[in-house]
Amino acid sequence: MATSIQSTRLDFDNIKNSLKTYFAQQSEFTDYDFEASGLSNILDVLAYNTHYNALTANFALNESFLNTAQLRSSIISHAATLGYEPRSVTTSSTSVSLSLNLAGVSGRPSVITLPAFTEFTSKVGDNTFSFRTLIDYLATDDGTGLYKFLNEEGTEGIPLYEGQKYTKTFYVGEVGERQLYVIPDDTMDTSTATVKVYDTVSSSAFTTYSRLSEAISITSESTLYQIAEAPNGFYELNFGDGVSFGRAPPTGGKITVEYLSTSGTDANGAFLFTPASNISVAGGAYTLAVSTLASSNGGAPKQSIESIRANAPIAFAAQQRLVTAEDYKAIILKRFSAVTDCAAWGGEDNIPANYGNTYVSLVFADGYTEAQKQVVKDNIRNNLTNNLSVISIDTVFSDPVTTYLQLSTTFNFNPALTGTTVKATENSVSNTTKTYFETNLKKFGGTFRRSNLLAEIDNISPAILNSATEIKLQQRFVPTLNVSTSYELVYPVRLAAADDVNVIVETSTFIFNNRICSIKNKLNTTTLQIVNSGAGIEVDNIGSYDPQTGIVSLTGFNPTSITAGVNYLKVTAIPANSSTIVPLRNYILDFDEEPSFANGIVDRQTQTAALSTASSSSSGSSSSGSSGSSGSSY
Amino acid sequence: MATKSFSYEDGNLNASTIIGERSKKYIDIDLSFAARPDKDIYKKSDAAAVKQAVKNLLLTGRNEKPFLQNFGGDLGNVLFELVDEDAEDELEIVIENALDLYEPRAKLLYLDVKLLPDRNQIACKIIFRIVNTQEQVTLDTTLSRVR
């Protein structure tokens, strides 16, 4: 029996019912139960007031914690207390080769400058986007009148960034008054901002300030600025006060901020770039020749609130220092939108061990060329790891290694329990398997758990009675044809020990000695042999595999060609434990659809006993004329 | 007749007897909130309480009561509607439904709604019986626009 009002119930009806329960115990008023009564109206007011306050308190409390906040402004605020700056909209960028041909032009200069913010246009679908340079680039006459613009590293790739250029000018007030300079633009890419501070309004000399989050050391003389997202989605510029994080802009001075306001993701995929205007040289206007080295990519929206929620605590734990593997992951993912996934591990955990190094493996967004990937890696090494990592620890980049899984799935299928066919269900099983890989794997640390996949398969339809799947791991390598070469393939897990029934390691086919051959391990041994399609042994010992380390070694392998119309060989191996495949370090698990299959076995569940099929059928025929006991003979 | 009792686990009602019938007195707050000499407010009971509830029901507008948007006779809003030949019948149906749904204590005996467009008024006469006491109550109400 309720003796007090249950104040923790937030729902209006619950609150009102609690009040009614209270009145039910009193004899003073009895009309609480009739909606039209005066008492009910008063209860409405009381309940609504409580409901409203309870909800407000609940929302306010939810917004008070990073884990439960729903509003972006709240999450930004919590992230700020952890010193985390969420990523702004990121501009899409590309790399182009720019040249100017002035052959035959008299009085041409020896050096031509391409000014910062030179504009180019490009289309993605029906939309036109503006791309531009951010700094000046120089080109030198090669003697024939051809000028090729070179980047800071002396190579041809000139980066172009999508967006409209804006300049905001602020005037500095009294030093004692802490000023926040508001940039009312929620599509600003903060990484493109250039902040210049002038001592006076009319001065032409300026000091370029750099971003606080990228500072290596801070003194009272550091020229740093902080840019942070405000609760309304705009950005606020903040400077030190001469003590806290560097020099304060001088009173009466001027601050200019130049930045790109960008379309983010929409501008990805642009390929043809046209200069918006000609270059003026020696009294004439000439058109830049543009050759695209890579289509535009890297454009991204503002960091999502879920991403901020996940990364802010990790970044706080990293404290702008690269010490643990998680530190590398947090800071690289935060700073480089080109990197979609990152794994890091110490050299002591590497195979082979390499002390004094940290290994980093990166997955890039689609569309990045090898040259662009190298630029990102150089940036990480020069601007990040060299400054923030522990002294004497070097960074080594290791490309992700994809290990493919081949799945042979079988399931028992009772057509009576569904309206679909076995074939359709086999397709559903294949699709579920693909979805499982897309959702859970194809990323660093994505672990394959067979029982989880089978549970999803069993849930496809009640007609699937049970399921099973056999797993094979597959590594791929490109062999050098017609040259005797040794290879070593490392699997992420231990391999099955050799036995006298199953071939543990097997390759796809290739031509060797003018015959179609493959490599298999000799039964009961770890020795690998080249076997032709007629089961004849071509080479008795071409290498071996080590079940414990998961290493397959080929020695002096010299194929003539590969048969499957591809340039690589697939090497499949049965793992020691098929239930769980845990990819360590830079391994990523993927699904090889081609050899995988799903096979349904029709099982109508009519067989009541399978102990003695012959005797039961004979007993059935003999008793057909008698007084029905065909089932009782079991 | 033997008395029945519940176990302690079923609600500790072992001392209570099962009551087959009970005459319940209706007691409500007087919504005029007039002060009694002892500084308390007045109560309304029985027919007066139900009469107040019926009046309250008819004058409550749609969406006025929280989380019960269909509650009310919505008479106040009808004053601002255009009057046609079916308006009185429609209004009677609304009132009948409202009483039927939300005032189980009143059994409707007679209902007459008169729209007086020339005077911007609705005259409403309702006769109902209090279910508990069989008492017959007549409610006459006239609504008019003040502007």
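Points to keep in mind about this one:
- When the strands (runs of 3 or more DSSP E) confined to the range A:505-559 are screened for residues that are surrounded by 16 or more Cβ atoms within 10 Å (Cβ to Cβ) and over 38 Å from the mean Cα position of the chain (by Cα), those reaching at least 1 such residues are found at A:510-512, A:515-521, A:527-532, A:537-546.
- Residue in the range A:156-176 that is among the small types (Gly, Ala, Ser), in contact with a Phe, Trp or Tyr (Cβ under 7 Å, 6 or more places away or on another chain), part of a strand (DSSP E or B) and buried (at least 17 other Cβ atoms within 10 Å of the Cβ) present: no
- Top-ranked residue of the range A:177-228 - restricted to ones that are in contact with a Ser or Thr (Cβ under 7 Å, 6 or more places away or on another chain) and among the charged types (D, E, K, R), ranked as farthest from A:Leu388 (Cα to Cα): A:Asp185
- Strands (runs of 3 or more DSSP E) within the range A:233-293 that include 3 or more residues surrounded by 15 or more Cβ atoms within 10 Å (Cβ to Cβ) and out of contact with any His (no Cβ under 6 Å at 6 or more places or on another chain): A:235-239, A:254-261
- Test: A:Ile351 is hydrophobic (A, V, I, L, M, F, W, C) and surrounded by 15 or more Cβ atoms within 10 Å (Cβ to Cβ): no
- Condition met for A:Asp136 (exposed (fewer than 13 other Cβ atoms within 10 Å of the Cβ) and under 30 Å from A:Val105 (Cα atoms)): yes
- Matching option when the condition is in contact with a strand residue (DSSP E or B) (Cβ under 7 Å, 6 or more places away or on another chain) and under 28 Å from A:Val197 (Cα atoms), among A:Lys165, A:Lys148: A:Lys165
- Complete set of residues in the range A:455-468 that are surrounded by fewer than 20 Cβ atoms within 10 Å (Cβ to Cβ) and outside any loop (DSSP other than H, G, I, E, B): A:Ala455, A:Glu456, A:Asp458, A:Leu465, A:Asn466, A:Ala468
- Of the residues making up the range B:90-106, those that are out of contact with any Leu (no Cβ under 7 Å at 6 or more places or on another chain) and either modelled with pLDDT under 85 or within 14 Å of chain A (Cβ to nearest Cβ) (or both) are B:Asn97, B:Asp100, B:Leu101, B:Pro104, B:Arg105.
- Set A:Ala57, A:Ala47, A:Ala80: member being free of Cβ contacts under 8 Å to residues at least 60 places away in the same chain and surrounded by 14 or more Cβ atoms within 10 Å (Cβ to Cβ): A:Ala47
- With respect to the conditions (1) free of Cβ contacts under 8 Å to residues at least 24 places away in the same chain; (2) under 18 Å from A:Thr274 (Cβ atoms), A:Gly143 falls short on a single one, namely (2).
- Where a residue in the range A:303-318 is part of a helix (DSSP H, G or I) and its partner, wherever it lies, is hydroxyl-bearing (Ser, Thr, Tyr), with Cβ under 8 Å and at least six apart: A:Ile308/A:Tyr84; A:Asn311/A:Tyr84; A:Ala312/A:Tyr84; A:Ala315/A:Tyr84; A:Phe316/A:Tyr84; A:Ala318/A:Thr324
- Matching residues in the range B:39-74 - criterion: being of a type in the set (A, V, I, L, M, F, W, C) and under 14 Å from the mean Cα position of the chain (by Cα): B:Ala47, B:Ala48, B:Ala49, B:Val50, B:Ala53, B:Val54, B:Leu57, B:Leu58, B:Leu59, B:Phe71
- Residue check, B:Asp46 of a type in the set (Asp, Glu) and farther than 20 Å from B:Lys25 by Cβ: no
- Verdict on A:Gly419 being free of Cβ contacts under 8 Å to residues at least 12 places away in the same chain and part of a loop (DSSP other than H, G, I, E, B): yes
- Annotation note: of A:Ser553, A:Ser561, the sole residue that is of a type in the set (Gly, Ala, Ser) and over 25 Å from A:Pro352 (Cα atoms) is A:Ser561.
- Residue match in the range B:110-122 (condition: in contact with a helix residue (DSSP H, G or I) (Cβ under 7 Å, 6 or more places away or on another chain), in a strand (DSSP E or B) and closer than 25 Å to B:Tyr26 by Cβ): yes
- Candidate set from the range A:354-364 (those that are β-branched (Val, Ile, Thr) and under 15 Å from A:Val323 (Cβ atoms)); member that is surrounded by the most Cβ atoms within 10 Å (Cβ to Cβ): A:Val360
- Qualifying residue in the range A:97-111 (condition: of a type in the set (Val, Ile, Thr), out of contact with any Cys (no Cβ under 6 Å at 6 or more places or on another chain), in contact (Cβ under 8 Å) with a residue 40 or more places away in the chain and buried (at least 17 other Cβ atoms within 10 Å of the Cβ)): no
- Single residue of the range A:43-71 satisfying the filter (assigned to a helix (DSSP H, G or I) and of a type in the set (Val, Ile, Thr)) that is nearest to the other protein chains (Cβ to nearest Cβ): A:Val45
- Check on A:Ala343, assigned to a loop (DSSP other than H, G, I, E, B) and at pLDDT 80 or above: no
- Residue satisfying condition, being among the small types (Gly, Ala, Ser) and more than 14 Å from every other protein chain (Cβ to nearest Cβ), within set A:Ser93, A:Ser40: A:Ser93
- Restricting A:Val483, A:Val493 to residues that are assigned to a loop (DSSP other than H, G, I, E, B), out of contact with any Lys or Arg (no Cβ under 8 Å at 6 or more places or on another chain) and within 13 Å of A:Ile551 (Cα to Cα) narrows the list to A:Val493.
- Identity of the residue in the range B:31-89, more than 12 Å from every other protein chain (Cβ to nearest Cβ), more than 22 Å from A:Val45 (Cβ to Cβ) and touching a residue at least 24 places away in the same chain (Cβ under 8 Å), that ends up surrounded by the fewest Cβ atoms within 10 Å (Cβ to Cβ): B:Phe80
- Residues being in a strand (DSSP E or B) and within 29 Å of the chain's Cα centre (by Cα) - total across the range A:560-573: 5
The values are calculated or read from the model by the stated rules, or taken from the named source; none is laboratory data. Remember, predicted model here, so these are calculated numbers, not experimental data. Note that we place each Cβ from the backbone using ideal geometry, even for glycine, and neighbour counts take in every protein chain shown.
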